[in-house]
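Chemist: Quick one: structure below, then a few questions.
The values are calculated or read from the model by the stated rules, or taken from the named source; none is laboratory data. Keep in mind it's a predicted model, so treat the numbers as computed, not measured. A quick note on method: Cβ atoms are made from the backbone with ideal geometry, for glycine too, and the neighbour counts reach across all protein chains shown. SASA here: full protein model, heavy atoms, side chains in, ligands and nucleic acids out. Shrake-Rupley method; radii C 1.70, N 1.55, O 1.52, S 1.80 Å.
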Amino acid sequence: MKEIWTTLASLMGVLAFCQSLLHSVFPPELRFAASKFFNKFFLWFSPYCYYDITEIDGVNTNELYNAVQLYLSTYASVTGNRLSLSKALNATSLTFGLSSSGSIIDNFNGITVWWEHIVTQRQSQSFSWRPLPEEKRGFTLKIKKKDKSLILDSYLDHILSKANEIRRKNQDRLLYTNSGGGSVDRGHPWESVAFKHPSTFETLAMDPVKKSEIMDDLLSFAEGESFYQQTGRAWKRGYLLYGPPGTGKSSMIAAMANFLGYDIYDLELTEVNTNSDLRTLLMKTTSKSIIVIEDIDCSINLTNRSKPGRKSQTPLETEITKVAGSNSSAGPDGGSSMTLSGLLNFTDGLWSCCGSERIFIFTTNHIEKLDPALLRSGRMDMHIHMSFCSFEALKVLLKNYVGLDEKDLLKNEFVKGMEQVIDDAEMTPADISEILIKNRRKKEKALKELLESLERQHNKKKKLISGGEAVGFVKEEKSSSTEDVVEEEEEKRELEKQVEYCEELENCTKEGHESEVEVTQKTGATEGI
């Protein structure tokens, strides 16, 4: 044994002597060239090729490194033995990663690839405005040379898309608003908060068939990038939610955002001054987002430009239109100068194509007040009527609030009574939910009180219908003689309001007094009305 150790010591001494001799005889440049030659020689005959992905590319962060780290985290949490844990800002879950010198095997389209995470100490750090980390991190991708042209480009694109999907799932949804907080002039028109609305399609009180149609349409849109490119259409879709208040329009928007993992931009039209500001707000939105305009019929004047049965404008109405149009964009004190045309271009014009994978949602309680141009396909592709609570929607509410499953619903006498009257009662999901919330700890009381409320509404509707039939013939006789008079009175009142509005605009924007001729013309025309 002693002889073996002596021999090893002798060999180590010989190697050390040879090394020092090589360093003294051969210059560093020659040694570097020889090392480079042998590396190329072995790589030439090796069946593999290697790709290094470093964390820092110059002085900037390499986005591909972060994408690979997120992508491999889904496999590392299952197959890895030694892992690193991290939690990003606004993330809802932990992220697993490979530790130093950790390796993992991945399969893509039936082809095997090898990943290795290499962490080394940085030797020296030159002067830089941005200090570099002490450790040098990077991934090494090893693939077979014969598979290089088959998977390299498509595999990296697959990693980037999967990383974006994982990032969206891990991070909180954001709710953006332009109401008072942001500034268009400073380039920051949106302010955001964390969006934690718990509404989902499972908890949404709606007919299951209609709910399934909406979910299928959303999935078809989210997975239809190639279809939209093939057909030459912008990757966007519009939804119109209309119906009485309390039917769940806001809950539907939240369920859509949670279903797709999209952020929400709540656009307040009363805070937008010009069409240019509206375009700026659109340009500052991100892809994979939902742009919402709630109660669009109440935000600004977007009513029908021509009402059925309306007579042509009188000379005074034409003059009023000209005066109102000239003063509508009189400056900061003249109010908003945003037009219907600007909103139409916002949803379906050239500027609406500055991003991709975006959804526009309008909500209204009175669809008849909206201009038909807003409702056509291409702007609002799918019209969703949020109606009064049906029996199928009621079963969802009973399951959510009082815990009644399908078996309990079939046996309960209160529920059977509700099924007979709920369609004619015309109660909204919000009204029914309030009754159930108030008595959620007392199941029987909640069901009894809800049935009484539904029967009360049912009887009230029945009395109104019977009363309407009794006086129907009298109304028909009177309506034919008074219809023209009522229409004339309504036109006169509308015209008087327009005159008063134009006079206020002129007083605010013009200096001095009008000439006596103009005053006489306007006064005479008004008296003639």
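Chemist: I'd like the residue in region 429-482 that is among the β-branched types (Val, Ile, Thr) and loosely packed, with under 15 Cβ neighbours inside 10 Å and, out of all such residues, is modelled with the lowest pLDDT.
Modeler: Here the residue is 474.
Chemist: Mind checking whether some residue in region 245-252 is basic (Lys, Arg), at negative phi and touching a Ser or Thr at 6+ places or on another chain (Cβ under 6 Å)?
Modeler: Scanning region 245-252, I find at least one residue that is basic (Lys, Arg), at negative phi and touching a Ser or Thr at 6+ places or on another chain (Cβ under 6 Å), so the answer is yes.
Chemist: Moving on to the next point. Collect the residues in region 167-182 that are crowded, with 17+ Cβ neighbours inside 10 Å and closer than 21 Å to residue 65 by Cβ, keeping them in residue-number order.
Modeler: Across region 167-182, the qualifying residues are 170, 171.
Chemist: Residue 205: touching a residue at least 12 places away in the same chain (Cβ under 8 Å), in the same structural domain as residue 356 (by the TED database), more than 26 Å from residue 344 (Cα to Cα) and touching a Gly at 6+ places or on another chain (Cβ under 9 Å), yes or no?
Modeler: So residue 205 passes the test.
A quick yes/no check of all residues on (1) part of a loop (DSSP other than H, G, I, E, B); (2) at pLDDT below 70; (3) under 30 Å from residue 195 (Cα atoms); (4) of a type outside the set (Phe, Trp, Tyr):
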site	(1), (2), (3), (4)
5	no, no, no, no
8	no, no, no, yes
14	no, no, no, yes
19	no, no, no, yes
69	no, no, yes, yes
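Chemist: Which condition does residue 81 not pass, out of (1) part of a helix (DSSP H, G or I); (2) modelled with pLDDT under 75; (3) not small (Gly, Ala, Ser), if it passes all the others?
Modeler: For residue 81, the exception is condition (1).
Chemist: Residue 426 - would you say it is open to solvent by 40 Å² or more (accessible area, probe 1.4 Å) and on the phi > 0 side of the Ramachandran plot?
Modeler: For residue 426, the condition - open to solvent by 40 Å² or more (accessible area, probe 1.4 Å) and on the phi > 0 side of the Ramachandran plot - is met.
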